[in-house]
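Have a look at the structure below, then the notes.
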Amino acid sequence: MAHSEEFQKLEGKIFTKSFFILLAVVLLGFFFVGVRYVKGIGAVSNMSDGYPWGIWITYDVATGTAIACGGYAVAILVYIRNRMQYHPLIRSAILTSMFGYGLAGFSVMVDLGRPWNAYNFFIPSKWQANSAMFEVALCVMAYSTVLIIEFIPAILTSIEKSNWERMNMVRNWLHPRIAPDEKTMNDKLEMVRLGAAWLKPRLNKVLIFFIVLGITLPTMHQSSLGSLLLIASTKLHPLWHTGFLPLLFLINCVFIGYAIAILESIISCYCFKRPYEVEELSGLAGLVPFVTVIWLCVVIGDLVYRGQVTAALRGDFYSGFFMAEFLLVAAGSLLLFFKKLRRSPRWLFVSASFIVLGGALYRFNVYLIGFNPGKGWRYFPSFAEVMITVGIVALEILGYKVFVALFPVLPNAAGHGSKQHKKPVNQAKPLELHPAVAQAQLKAAIKNLN
Amino acid sequence: MKRQSRRDFLKLAGATGAGLMACGAGSALASDGPHINNEEMGMLYDATMCVGCKACMSACKRVNSDYGSLSYEKARFDSDGLWDAPSDLSGSTRTLIKLFKESDKRWSYVKYSCMHCQKPSCVSVCPVSAMTKEPVSGIVDYNKNTCIGCRYCQVACPYNIPKFQWEKALPQIVKCDLCKNTNLREKGISACAETCPTGAIRFGKRGELLSDAHARLKENPDKYMAHIYGEHEGGGTNHLYLASMPFNKLGLPDIKPEAPAEFSEKIQHTIYKGFIAPVALYSALCFIAVKNMKGHKGPDDGAAHEKEEN
């Protein structure tokens, strides 16, 4: 499973102009996070007792994790549907999932009123299996860990092949008195390198079980994100309050996941000036409409079953948002039915954007727009509240940019594009060590140090 | 190989889908009936007897301010801070009297505080059991030492009772606990009921309160709306109401007899019964994935890719 040559690092500088712009946005967001911890949530947000969940939960958690479902959707395709040709897409999808989920977890800690009590999630006597929130919290924590494990091979490859240029640069930059001895440092770094070479094949052997766990966990918590609102039967508008919420959220995250994998690949190819992965993308895009059609059918069927079709067509505030969500998804899927459009990066971008927007709007409708706690309550996010969310998103993009430069994440462009994976099969790999050799060398290195 | 896996996938998708369908349909099936415990503690508030003196509000704050983290709320006109003047239930106020005035002749006071549901939504949704329902007294209690401040209880409560301290750096949820740790422990009655000068708030067991309410309705059918609010609402509540005006006008929402928590728990339990479905899903996926991987485990991975392409 060591598809290391399938991926490559992005050449180029890390500290570009966009890096510093993003950094400024991140810092502004974190300033408001600081204010929130000193002066309370009310000081930065417009949330109230009627709208106890604002955009931090609606966007960062409920929508953000769906957008981070690229890793989930592509993993289903590659490992369960056995389409290995999509494997080149998986690492960048997993990386975005990792950031999406990690930062969703972070914004939950901003949103929680009493985060110091969060350890109660690990105390069995406090567990409350009736709560969808409990299920979501444990699953999201477990899934974030699984994502990190899934990403470790990329880091190990990177360590294994490293010349430690940056490390040496830092050493040379330090004052000679505090800088470690060059030989000692190099010996230790060599040990790290050998350790990575030793660990990688062992991790690869069990990795598939983590990957499958990484498919099971999102299935559970994405449906539970829908279950969260089941209880709000008197507050959520009947257009959206249905027993099928878990199923709708599950299907919704799958098509958002595929669409976002397409978008992400197109955007990163455009920004990093790499050739578009048209083959993979058009194949992927061909799957999306089937998933969305199932979703649209469940939505319509459920509305008919509960007699809410007239409410959907009434033309008021709620029906407007419902139609927007429905039509965006439907229009995006319709475009993808045409083979010709599927092969054009421009149209792929347009239709995938429609689907992501529509799918995300559905989640906003359920969590905020269709949520009415009663007379007299109103909610619109405050500037500081929005900036915290924007800061977190900026951190996500920043992290992605740094990671693709440090680790082999993006599909290898060489021999890509026209006919995929024309890798020379038996080419010698100069820097990759046989694990047994690595282990022997590692032992010797440890002996030397003692 | 490929075709095989597709069939597996479809089978699996079908099974999962069917499972989820079943749970959706499950909600349409009849529930196992409401199980109401009339031995639990509660209060009966008779709006026609209330004179709006707000003695209950001040008693509540006096008794519970330390334990319940309550504080006085200044009104905008009151620069000296002479009065406690909350405009709604809030992070510093557990109970509140309001006046609803339709015309000079038609008006009514109404008291807000926790309804102490028979099947409380807040208890059902709290992820760390910070909200609990005492099995004997039926009091819905809040423990700030386990609460993580997720505010799911606020989303879930159909009466909008739990309140959050938005302006505090170390906030907590505030709601009535029938003076469980203060007045009820010392004197056996909640502070508001003890203080009420007109007897508009009666404290006691739910069954007794209910029969009292029915008797009052029978005696004065013209005076009251022919309905005891809380008898059936949301699976029944221990805080009951009698009033001369429609309850939804007094800010008490129309709620179906089925407890919202029954509905959500039924679906959640169907999906996660005995944790069988997740384990089954994991094993099935493992089986498929490992089988798929075998097709690609050659001496070199590149070779596997070439095979796949053909």
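The values are calculated or read from the model by the stated rules, or taken from the named source; none is laboratory data. Since the model is a prediction, treat every value here as computed from it, not as a measurement. Don't worry about glycine lacking a Cβ; one is built from the backbone with ideal geometry, like all the others, and counts go over all protein chains shown.
Any idea which of A:A62, A:A75, A:A66, A:A24 is assigned to a helix (DSSP H, G or I), touching a Cys at 6+ places or on another chain (Cβ under 7 Å) and among the aliphatic types (A, V, I, L, M)?
Working: A:A62 fails: touching a Cys at 6+ places or on another chain (Cβ under 7 Å); A:A75 fails: touching a Cys at 6+ places or on another chain (Cβ under 7 Å); A:A24 fails: touching a Cys at 6+ places or on another chain (Cβ under 7 Å).
When all the criteria are applied, what remains is A:A66.
Here is a yes/no grid of residues against (1) farther than 15 Å from A:G286 by Cα; (2) free of Cβ contacts under 8 Å to residues at least 60 places away in the same chain:
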| site | (1), (2) |
| --- | --- |
| A:F337 | no, yes |
| A:R363 | yes, no |
| A:Y367 | yes, no |
| A:G376 | yes, no |
| A:F380 | yes, no |
| A:F383 | yes, yes |
| A:M387 | yes, no |
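Which residue, of A:G320, A:G359, A:G332, is in a helix (DSSP H, G or I), surrounded by fewer than 16 Cβ atoms within 10 Å (Cβ to Cβ), at negative phi and at pLDDT 90 or above? It would help to see each step written out before you state the result.
Values: A:G359 fails: surrounded by fewer than 16 Cβ atoms within 10 Å (Cβ to Cβ); A:G332 fails: surrounded by fewer than 16 Cβ atoms within 10 Å (Cβ to Cβ).
None of the others qualify; the one that does is A:G320.
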Restrict the check to the stretch A:10-32 and report whether at least one residue is among the charged types (D, E, K, R), surrounded by fewer than 17 Cβ atoms within 10 Å (Cβ to Cβ) and within 14 Å of another protein chain (Cβ to nearest Cβ).
no
Among the residues in the stretch A:104-118, are any crowded, with 20+ Cβ neighbours inside 10 Å, more than 9 Å from chain B (Cβ to nearest Cβ) and touching a Lys or Arg at 6+ places or on another chain (Cβ under 7 Å)?
yes
Counting only residues that are surrounded by 11 or more Cβ atoms within 10 Å (Cβ to Cβ) and of a type in the set (D, E, K, R), how many does the stretch A:165-181 have?
1
Which condition breaks for A:N82 when tested against (1) in a loop (DSSP other than H, G, I, E, B); (2) touching a strand residue (DSSP E or B) at 6+ places or on another chain (Cβ under 8 Å); (3) under 30 Å from A:V288 (Cβ atoms)?
(2)
Return yes or no: is A:G54 under 23 Å from A:I256 (Cβ atoms) and either buried (at least 23 other Cβ atoms within 10 Å of the Cβ) or under 22 Å from the mean Cα position of the chain (by Cα) (or both)?
yes
Could you tell me how many of the residues in the stretch B:126-164 are within 12 Å of the chain's Cα centre (by Cα) and either among the polar types (S, T, N, Q) or more than 7 Å from chain A (Cβ to nearest Cβ) (or both)?
13
Tell me yes or no: at least one residue of the stretch A:225-233 is in contact (Cβ under 8 Å) with a residue 24 or more places away in the chain, more than 13 Å from chain B (Cβ to nearest Cβ) and surrounded by 20 or more Cβ atoms within 10 Å (Cβ to Cβ).
no
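Is it the case that some residue within the stretch B:185-194 is closer than 19 Å to B:K111 by Cα and surrounded by fewer than 20 Cβ atoms within 10 Å (Cβ to Cβ)? Write out each step before concluding.
First, the residues of the stretch B:185-194 that are closer than 19 Å to B:K111 by Cα: B:189-194.
Now restrict to residues that are surrounded by fewer than 20 Cβ atoms within 10 Å (Cβ to Cβ): B:189, B:194.
Yes, some residue in the stretch B:185-194 is closer than 19 Å to B:K111 by Cα and surrounded by fewer than 20 Cβ atoms within 10 Å (Cβ to Cβ).
Matching residues to (1) in contact with a helix residue (DSSP H, G or I) (Cβ under 8 Å, 6 or more places away or on another chain); (2) part of a strand (DSSP E or B); (3) closer than 23 Å to B:G236 by Cα; (4) in contact (Cβ under 8 Å) with a residue 24 or more places away in the chain:
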position	(1), (2), (3), (4)
B:T132	yes, yes, yes, no
B:K144	no, no, no, yes
B:A169	yes, no, no, no
B:C179	yes, no, yes, yes
Any pair with Cβ under 7 angstrom, 6 or more apart, that starts in the stretch A:304-322 at a residue that is under 19 Å from A:G243 (Cα atoms) and ends at one that is aromatic (F, W, Y) and part of a helix (DSSP H, G or I)
A:A312/A:F322
The residue from A:S97, A:S162, A:S92 that alone is polar (S, T, N, Q), free of Cβ contacts under 8 Å to residues at least 60 places away in the same chain, more than 14 Å from chain B (Cβ to nearest Cβ) and surrounded by 22 or more Cβ atoms within 10 Å (Cβ to Cβ) is A:S97
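Conditions (1) in a helix (DSSP H, G or I); (2) at pLDDT below 90; (3) under 16 Å from the mean Cα position of the chain (by Cα); (4) among the hydroxyl-bearing types (S, T, Y), marked per residue:
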position	(1), (2), (3), (4)
A:L250	yes, no, yes, no
A:C253	yes, no, yes, no
A:G257	yes, no, yes, no
A:P275	no, yes, no, no
A:S282	yes, yes, no, yes
A:P289	yes, no, no, no
A:V293	yes, no, no, no
